[in-house]
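Novice: Sending over a structure as structure tokens; questions will come in a sec.
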Amino acid sequence: MSLSLLLPSSRPATRLPRVLPERPLRAVLLGCGTVGGGVLDGLRDGFAGDVTVEAILVSRHRTGRAPGRFFTEAESVFATGPRLVIDCLPDGELAETLLDEALRSGADIVSANKAVIARRPDFAVRARERGQILRYAAAVGGELPVLETLAHVRSEGRSILSVAGVLNGTSNFVLDRLAEGASLDTAIRAAQALGFAEADPTADLEGRDAAAKLTLIARAAFGVDPSRITLEAIAEDTPERVREAAASGYRLRQVATVRAADSGIEASVSLTPRAPGDPLGDVRDEENAVRISCHGGDTILLTGRGAGREATASSVLSDVSQIIAQRCGQ
């Protein structure tokens with residue numbers, strides 16, 4: 001993705017006075033690819049409430065896009081004075097820089113960018129200190145309300161022991177295709193054709209995508225980031241492991257786990273066989289599943305779509321609605 005970035009680097013980050021936004025709420029959209037396009041469609045259809053999109057940052061101009069609304073320069077987008085910034089950019093330096101600029105601008109923010117939010121915990125701290133709202137439910141679990149559920153559990157005073165989940169819909173889809181006898185390359189191409197996998201699915205297959213989500217889960221569940229997350233990748237030997245698991249009636253799954261231990265927070269993303277009836281083994285294709293285990297034996301299970309345009313866009317739109325409710329008293 002190639003975009004022009006012309007932004008001031010020394011704008012003072014002072015606390016801004018918060019006022020109720022005008023109706024409709026002025027927003028800008030960063031990125032209009034698979035997820036961003038779904039978000040734009042939802043905003044046009046009114047699924048998130050009273051919002052008008054003033055400007056959209058894109059990598060290149062295309063025929064049919066309205067002039068004066070689609071920009072390749074970030075400076076032009078922020079010049080519209082948005083009260084809400086919706087981030088649907090892929091991971092990278094540009095996304096991190098623009099989220100930093102959004103915080104400096106005083107706007108509220110909705111982001112689907114798990115990697116940036118995971119490696120920049122200071123963004124949430126800065127937003128809170130300046131009276132801004134930063135929401136990123138879409139960064140974890142697609143349509144599953146994982147972060148909201150963890151926050152609710154902690155608000156009730158319950159102590160969380162561990163969280164385990166199938167967090168990457170692309171990997172789950174690929175593992176299911178391998179179980180059906182497809183080659184690894186064929187399974188990956190099928191995921192890409194359906195919009196579940198990026199052109200470069202390395203982060204999904206190596207477990208780095210799940211690890212970024214696991215960092216956000218650990219932050220929500222335990223208040224700290226894991227110092228280390230061990231990773232196990234889907235690789236050339238994985239089809240054989242899938243067949244071995246199937247021969248015993250099991251399904252191989254990419255499972256992300258974080259738990260409280262005497263030595264601190266332990267976290268991993270590993271390929272593990274799951275028995276029939278195990279919710280983490282029963283999820284199919286792009287579905288995700290998350291199991292939250294609490295002291296006292298309480299267990300919370302969340303399942304739903306974890307990848308794809310609709311699942312992620314719906315979570316972004318839900319965050320937008322939550323911000324409108326907070327700011328406008330709906």
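The values are calculated or read from the model by the stated rules, or taken from the named source; none is laboratory data. Treat the numbers as computed from the prediction; the structure is a model and nothing was measured. Here the Cβ is made from the backbone with ideal geometry for all residues, glycine too, and neighbour counts use every protein chain on show.
Novice: For residue 6, are the conditions met, namely being at pLDDT below 80, within 16 Å of residue 105 (Cα to Cα), in contact with a strand residue (DSSP E or B) (Cβ under 7 Å, 6 or more places away or on another chain) and not hydroxyl-bearing (Ser, Thr, Tyr)?
Specialist: yes
Novice: Look through the range 82-97, keep the residues that are touching a strand residue (DSSP E or B) at 6+ places or on another chain (Cβ under 7 Å) and within 12 Å of residue 57 (Cβ to Cβ), and return whichever of them is surrounded by the most Cβ atoms within 10 Å (Cβ to Cβ).
Specialist: Taking the candidates together, the pick is 86.
Novice: Quick one: which residue in 142, 165 is buried (at least 22 other Cβ atoms within 10 Å of the Cβ) and at pLDDT below 95?
Specialist: From the options 142, 165, the qualifying one is 142.
Novice: Checking the condition of a type in the set (A, V, I, L, M, F, W, C), at pLDDT below 90 and surrounded by fewer than 18 Cβ atoms within 10 Å (Cβ to Cβ), which residue from 13, 79 passes?
Specialist: 13
Novice: Taking the range 269-284 only, how many residues are crowded, with 19+ Cβ neighbours inside 10 Å and more than 16 Å from residue 241 (Cβ to Cβ)?
Specialist: Within the range 269-284, residues that are crowded, with 19+ Cβ neighbours inside 10 Å and more than 16 Å from residue 241 (Cβ to Cβ) number 2.
Novice: Determine the pairs where a residue that is under 30 Å from residue 280 (Cα atoms), located within the range 129-144, has a partner that is in a loop (DSSP other than H, G, I, E, B) and hydrophobic (A, V, I, L, M, F, W, C) with Cβ atoms under 8 Å apart, the partner being 6 or more residues away or on another chain.
Specialist: The qualifying pairs are 136/112; 138/112; 139/112; 140/167; 141/167; 142/307.
Novice: Still on this model: Is at least one residue of the range 221-235 buried (at least 22 other Cβ atoms within 10 Å of the Cβ), in contact (Cβ under 8 Å) with a residue 40 or more places away in the chain, touching a Pro at 6+ places or on another chain (Cβ under 8 Å) and small (Gly, Ala, Ser)?
Specialist: No, the range 221-235 contains no residue that is buried (at least 22 other Cβ atoms within 10 Å of the Cβ), in contact (Cβ under 8 Å) with a residue 40 or more places away in the chain, touching a Pro at 6+ places or on another chain (Cβ under 8 Å) and small (Gly, Ala, Ser).
Novice: Can you tell me which residue within the range 76-92, out of those that are part of a loop (DSSP other than H, G, I, E, B) and under 18 Å from the mean Cα position of the chain (by Cα), is farthest from residue 37 (Cα to Cα)?
Specialist: 92
Novice: Let me ask something additional. Which is modelled with pLDDT of 95 or more, farther than 30 Å from residue 40 by Cα, assigned to a strand (DSSP E or B) and in contact with a helix residue (DSSP H, G or I) (Cβ under 6 Å, 6 or more places away or on another chain), of 271, 301?
Specialist: After applying the criteria, what remains is 301.
Novice: Now a separate question. Restricting the search to the range 37-52, which residues are closer than 19 Å to residue 324 by Cβ and modelled with pLDDT of 90 or more?
Specialist: 38, 39, 40, 41, 42, 43, 44, 45, 51, 52, listed by residue number.
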